[in-house]
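Let me begin by presenting the structure, written as structure tokens, before commenting on it.
The values are calculated or read from the model by the stated rules, or taken from the named source; none is laboratory data. Bear in mind the structure is a predicted one, so any value in this text is a computation, not a measurement. Here the Cβ positions follow ideal geometry from the backbone for every residue, glycine too, while neighbour counts run over all protein chains shown. SASA here: full protein model, heavy atoms, side chains in, ligands and nucleic acids out. Shrake-Rupley method; radii C 1.70, N 1.55, O 1.52, S 1.80 Å.
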Amino acid sequence: MGLKLSRWTVTRNLMGGKAEDAGPERLLDGSVILTRLEAAVNWARKYSFFLYPFVTACCGMEFMSVAGPRYDLDRFGAALPRFSPRQADLLMVVGTISHKQAPILVKVYNQMAEPKWVFAFGVCAVSGGFYDNYSVVQGIDTLIPVDIYVPGCPPRPEMVLDGLLLLQQKVKQERWTDWPRGEAPVSRC
Amino acid sequence: MSTTTGLGQSPYSVQVGVPAAVLKAKKVRRRLDLTLWEKLYVAEIVRGLVITSKHFFINMLGFIFPPAGKKRKVFTVYYPEEKLTLPSAYRGRPVLVAHADGSEKCVACGLCEKMCPAHAISIVAAEKAPGERYPARYTLDLGRCVYCGYCEEVCPKEAIVMSDEYQGLAQGDRNLLRFQKEQLLRPEGKVKTRLYFVRRIYSKWNY
Amino acid sequence: MELLIFYAFCVGAVVSALLMVTTKRPVRAAMSLVATMSFLAGLYALLNAHLIAVLQLIVYAGAIMVLFLFVIMLLNIEEKEGKLAKNVFFIQLAGTVVVGILMVAMVVVMNKIGAPVAGAAVDETFGTTKAVGWMLFTKYLLPFEIASVLLLAAIVGAVILAKRRIDNSKA
Amino acid sequence: MLADLIESLAKIVFIFTVNVGVFAPILGWVERKQSAVMQDRIGANRADILGFTAIGLFHSLADAVKLLTKEDFVPANANKFFHTLAPFIALVPAISAFAIIPFGGRYELFGREINLVIADLDVGILYVFALAGLATYGTVLAGWSSRSNWSLLGGLRASAQMLSYEVAMGLSIIGIIIVYGSLRLTDIGAAQENFFRWGIFLQPVGFIIYMTCAIAENKRIPFDIPEAESELVAGYFTEYSGMKFVMFWMAEFLEMVTISAIVTTLFFGAWHIPFVTDAMLLSWFSGFAGPNGAAALAMAVNIAVFFAKVSFFIWLQMTIRWTLPRFRYDQVMRMCWKMLLPLSLINLSITGLVVLLL
């Protein structure tokens, strides 16, 4: 089964097609085996985020401090940065996204393999911050679906860890019918 | 040529007034010639390996036999369980200061709204009694706030200060970051140290 | 058991060799050749010539074919229709004739030499590294050295070809 | 016949379990945890099953399950057949190279002579080189079939690097072969019963060259230019996701185990404890366990010693990986052709001379 994602054809095997035609899974929603399996898979996903650090600005320094020994992102199992979007689960958008950069971000999001999550790191990614002007994207959620917003300019490492814990909570409650999430709502910008 | 920098001079033309000997920078050898021993490379690699494995073994010992009373070598903060206390100079998220009866100190003058570089603050003013203003709605968009502290600096009533709060700010929805007056209000006792600090640092500039 | 493996390797070698000749895509052809080499190595191993088998893998499959692939990848050779497609019939005819002549020649030569004796007795050390090495450095030293001189000439030639620089002063 | 089959099957199952079942998943954890400890931090320790965290061991499990359920991606323009084949080609040599490595001595057990090696080949170490040569195809095909510039460049770099280092690696081993006079790894292992006849004392230069070349062959960090993250996204496996990506990873880990095993066998006395011969072990154990029990116990000791040494070299490789920065591409090539190759040739000729004169 193929779903057209801009120029890449994506094959899905385990995820079972689009959300709307996942009939049997919806029927079996309360079934014991499926929920247990779902819980196990969600447990695994929540403790194994491979990051894609999309670092564009000064927040990158704070990102390094989160990943460094003092706060140690690895404690939550989210330490392995994969610089290929195919292998990453968590797109960390760290820093200001200008309109010039927006297509790149969308492309990277579209290239990521399901399941994928997005983390808006810092005020610029959340809302554009104090770059309230013609050249900056006013929040990356105008381009791609965002799971966690972490404000701050830049955020303290604790705030980021808060966000990661929140994301873990979210992943824990996810359903297989939530996947795939598919293309970014804005495919051209 | 005088030997000291005069007050009237531009700070960028310091070279004029300083003796040449002072300015002489230490010459940096960018192309280091390695000795033969270093060129062999193996010994230097072993030296590096010794340093890293020293850390490894010391930390392993520390994990297996935790040193009693001593500070641990591994200085990771176990965040959700272990929290740091921040100095009062730290600018956490802004909060509104409340009177003892729970009403806000803010008089909705709008200076912070005007000053905010990120346009994070929006105030709807109203009057309690004739001539007595208060903010009917005070919205602080933490999704925009950059923690610069201008609002605190500009506030004539010490009604908004930067607290030491940084927890629970991550949200799954951007709208939840739009904090209302009720979420922002803090009793005066909680931000006392910051208030003293603010008075001290801003008094220096004779505002 | 051994016979079964032998036939499997034979079929594999023939099929992959055919695939190599017939396919139009260069990378596929190269990989088929690698498979052929590996099957041949298996055949050598069955013949008790372990050293030859391993050398086949190291030298041909491991080194030479990787270089082939390297070149194919670097040049990015695309699948192309041959220019000779018009004269297919004559080419086929010529090919058949040449192969036929070769077959006849082979049969003649084999008759002259005589077929290999089935089940020829081999001693313990046959095909071991020591035996092969001993033969190579005593009885066959001269051919060995001549082959190495040939390779040396090839290396020198390659170096000269690769070293050639565009000389602006003469142009 | 049947007993032979059972014996070799048992050995294959044992090695397969140790490698794929124990080393491959645990090395993922070891790499994370060791880097953490070396960098004064904690490392993964949150994943819990029923509140039990096992020092973060479950993070490996979480990674495995997550990657299994991750979307398996094939780029639209890729050559699907080779794209799928490449990880297997990378993984198979890494697993099968262990077939010729002896993990214990030769013992008499219930009237059967048991040799603790899967295949006691006459060509021995050359077999490993043959497989290393085949492993190149995994990376080259992965790079080519993805139809991505990063992958292609990574594949080209990988093939060039692996080919170059194979030469120096082969030459560095020949010194050891001359000294012990055999290609058979069991012979080389047995010859190191005397502590002062260990390979490291006879061929120290050979050891350093082999270790360097082996790490380069494995494409681990000081030599990881084929997958250089700052230059080539993720190199030859840029376009791989999910399980296929993990297979490259596993191949890397297994190759690390193989390298450690070869280093142990060739240079560090294989399964021997210093100053303790196999005969001494047998005589000690036969005092209370009888001849068969003594043989079994001695085997167990051999295997334990061998894998302890292997673990040490895995630790060493990890330490090297987390200590040294990456070389530049030209530095890697220069090091191979201008340093390691001449050095190994010199080492080889000096060894030959000494052996001839003695």
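If the condition is being closer than 27 Å to residue D:241 by Cβ, more than 9 Å from chain A (Cβ to nearest Cβ) and not in a helix (DSSP H, G or I), then region D:22-68 contributes only D:57. Looking at region A:148-180, which of the residues that are within 27 Å of residue B:178 (Cα to Cα) and assigned to a loop (DSSP other than H, G, I, E, B) is most open to solvent (accessible area, probe 1.4 Å)? Here the residue is A:173.
Every residue, every condition in (1) surrounded by 24 or more Cβ atoms within 10 Å (Cβ to Cβ); (2) of a type in the set (D, E, K, R), yes or no:
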| position | (1), (2) |
| --- | --- |
| D:168 | yes, no |
| D:181 | no, no |
| D:186 | no, no |
| D:213 | yes, no |
| D:239 | yes, yes |
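Which count do you get for residues in region A:58-104 that are in a loop (DSSP other than H, G, I, E, B), farther than 25 Å from residue D:61 by Cβ, touching a residue at least 40 places away in the same chain (Cβ under 8 Å) and small (Gly, Ala, Ser)? Total meeting the criteria: 1.
Scanning region A:123-134 for residues that are surrounded by fewer than 24 Cβ atoms within 10 Å (Cβ to Cβ) and more than 7 Å from chain B (Cβ to nearest Cβ) yields A:128, A:131, A:133, A:134. Annotation note: Cβ proximity below 7 Å between a residue of region B:169-189 that is facing chain A (nearest Cβ under 7 Å) and free of Cβ contacts under 8 Å to residues at least 40 places away in the same chain and a residue that is of a type in the set (Asp, Glu) and surrounded by 14 or more Cβ atoms within 10 Å (Cβ to Cβ) (sequence gap 6+ or interchain) occurs for B:170/A:162; B:172/A:147; B:174/A:141; B:177/B:141. Would you mind finding the one in D:168, D:228, D:160, D:190 that is under 25 Å from residue C:129 (Cα atoms) and more than 18 Å from the chain's Cα centre (by Cα)? Result of the check over D:168, D:228, D:160, D:190: D:190.
Within region C:1-43, the set of residues being of a type in the set (Phe, Trp, Tyr) and surrounded by fewer than 17 Cβ atoms within 10 Å (Cβ to Cβ) comprises C:6, C:7. For region B:152-176, a residue qualifies if it is part of a loop (DSSP other than H, G, I, E, B), of a type outside the set (D, E, K, R) and crowded, with 17+ Cβ neighbours inside 10 Å, and the qualifying residues are B:155, B:159, B:163, B:166, B:169, B:170.
From (1) among the aliphatic types (A, V, I, L, M); (2) open to solvent by less than 30 Å² (accessible area, probe 1.4 Å); (3) more than 29 Å from residue D:73 (Cβ to Cβ), pick out the condition that doesn't hold for residue D:251. It fails just one condition, (3). Inside region D:1-57, residues that are surrounded by 17 or more Cβ atoms within 10 Å (Cβ to Cβ), at pLDDT 80 or above, farther than 22 Å from residue B:58 by Cα and more than 25 Å from the chain's Cα centre (by Cα) make up a count of 1. Quick check on region A:105-147: of everything there that is part of a strand (DSSP E or B) and in contact (Cβ under 8 Å) with a residue 40 or more places away in the chain, which residue is farthest from residue B:166 (Cα to Cα)? Residue satisfying both the conditions and the ranking: A:136. For region B:91-111, a residue qualifies if it is touching a strand residue (DSSP E or B) at 6+ places or on another chain (Cβ under 7 Å) and within 14 Å of another protein chain (Cβ to nearest Cβ), and the qualifying residues are B:91, B:92, B:94. Filtering D:103, D:98 for residues that are part of a helix (DSSP H, G or I), farther than 30 Å from residue B:77 by Cα and at pLDDT below 85 leaves a single hit, D:98. Out of (1) at pLDDT 85 or above; (2) within 30 Å of residue D:143 (Cα to Cα); (3) not basic (Lys, Arg), what's the single condition that is false for residue C:102? Residue C:102 satisfies every listed condition except (2). Check whether at least one residue in region A:23-33 is surrounded by fewer than 17 Cβ atoms within 10 Å (Cβ to Cβ) and either among the hydroxyl-bearing types (Ser, Thr, Tyr) or modelled with pLDDT of 85 or more (or both), and report yes or no. Within region A:23-33, one or more residues are surrounded by fewer than 17 Cβ atoms within 10 Å (Cβ to Cβ) and either among the hydroxyl-bearing types (Ser, Thr, Tyr) or modelled with pLDDT of 85 or more (or both).
Within region B:107-118, one or more residues are open to solvent by 40 Å² or more (accessible area, probe 1.4 Å), free of Cβ contacts under 8 Å to residues at least 40 places away in the same chain and under 21 Å from the mean Cα position of the chain (by Cα). Do we find that residue A:137 is farther than 30 Å from residue D:31 by Cα, more than 7 Å from every other protein chain (Cβ to nearest Cβ) and in contact with a helix residue (DSSP H, G or I) (Cβ under 8 Å, 6 or more places away or on another chain) in this structure? So residue A:137 passes the test.
Residue under question is residue D:82, and the condition is that it be touching a residue at least 12 places away in the same chain (Cβ under 8 Å) and crowded, with 16+ Cβ neighbours inside 10 Å; does it hold? Against the criterion (touching a residue at least 12 places away in the same chain (Cβ under 8 Å) and crowded, with 16+ Cβ neighbours inside 10 Å), residue D:82 qualifies. Only one of the numbered conditions (1) part of a helix (DSSP H, G or I); (2) open to solvent by less than 60 Å² (accessible area, probe 1.4 Å); (3) modelled with pLDDT of 80 or more is violated by residue B:58, and that is (2). Considering only region D:225-237, state which residues are among the acidic types (Asp, Glu) and buried (at least 24 other Cβ atoms within 10 Å of the Cβ). Across region D:225-237, the qualifying residue is only D:227.
The set of residues in region D:141-159 that are open to solvent by 10 Å² or more (accessible area, probe 1.4 Å), in contact (Cβ under 8 Å) with a residue 12 or more places away in the chain and of a type outside the set (S, T, N, Q) comprises D:144, D:147, D:150, D:153, D:156, D:157.
With respect to residue D:123, determine if the residue is within 26 Å of residue D:7 (Cα to Cα), under 22 Å from the mean Cα position of the chain (by Cα), open to solvent by less than 30 Å² (accessible area, probe 1.4 Å) and modelled with pLDDT of 85 or more. Break it down stepwise before answering.
Numbers: within 26 Å of residue D:7 (Cα to Cα): yes; under 22 Å from the mean Cα position of the chain (by Cα): yes; open to solvent by less than 30 Å² (accessible area, probe 1.4 Å): yes; modelled with pLDDT of 85 or more: no.
For residue D:123, the condition - within 26 Å of residue D:7 (Cα to Cα), under 22 Å from the mean Cα position of the chain (by Cα), open to solvent by less than 30 Å² (accessible area, probe 1.4 Å) and modelled with pLDDT of 85 or more - is not met.
When residue B:143 is tested against (1) free of Cβ contacts under 8 Å to residues at least 60 places away in the same chain; (2) more than 14 Å from chain A (Cβ to nearest Cβ); (3) part of a loop (DSSP other than H, G, I, E, B), only condition (2) is not met. Of all the residues in region D:87-107, those that are touching a residue at least 60 places away in the same chain (Cβ under 8 Å), under 17 Å from residue D:243 (Cβ atoms) and open to solvent by less than 50 Å² (accessible area, probe 1.4 Å) number 5.
Determine, yes or no, whether residue C:125 is at pLDDT below 80 and in contact with a Leu (Cβ under 6 Å, 6 or more places away or on another chain). No; evaluated as a whole, the condition is false for this residue.
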